[in-house]
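This report concerns only the one structure given below.
None of the figures in this text is laboratory data; all of them are computed from the coordinates on show. No experiment lies behind these values; they were computed from the predicted model shown. Note that we place each Cβ from the backbone using ideal geometry, even for glycine, and neighbour counts take in every protein chain shown.
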Amino acid sequence: MINFKQYNMIDEFSFSTSFDMILCRNLLKGFDESKREEIIKKIHKTQPIGGLLYIGKDEENTKGLAKYYKPVSNIKCLYQAVPYDKNRADLAPQKKEEEAKKAPPKITRPAGL
């Protein structure tokens, strides 16, 4: 079922159900950085793990986004809810490189197949 509603993102809100997908294109650009992070946190609480969030391209660098969501493949502006991790966005570059080395190699298809 598709449900379209308008909400005030500054006020507290709660829902009796969770949302599998939320479309908030260009919503966050009207707020300062601290409000953006607060809104992302509120949205995350309304979604199941794996829920999708669509935001505008100018909002992809929002502080705190990586704590709650991960990018969906190579689809710009589409993110998937992950379990909250307070350290996720604060990883040092060295730790990120170490994690990348541990990840299994990507399998690519040879040309011509």
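With a 10 Å Cβ neighbour count serving as the proxy for reagent exposure, in which order, fewest first, do 46, 62, 17 appear? If you can, show how the numbers build up before the last one.
Numbers: 46 16, 62 19, 17 8.
Sorted ascending by nearby Cβ count, the order is 17, 46, 62.
If amide hydrogens are placed 1.01 Å from N in the peptide plane, which non-local residues have theirs closer than 5 Å to the one on residue 82? Amide H to amide H, under 5 Å and 5 or more residues apart or across chains, residue 82 pairs with 50, 69, 70. Across the range 15-21, computed HN-Hα scalar couplings (Karplus, 6.51 cos²θ - 1.76 cosθ + 1.60, θ = phi - 60°) run 10, 7, 10, 9, 10, 6, 8 Hz from first to last residue, x flagging Gly and Pro.
For residue 22, the residues 5 or more places off, or on other chains, whose built amide H falls under 5 Å of its own are 52, 53, 54.
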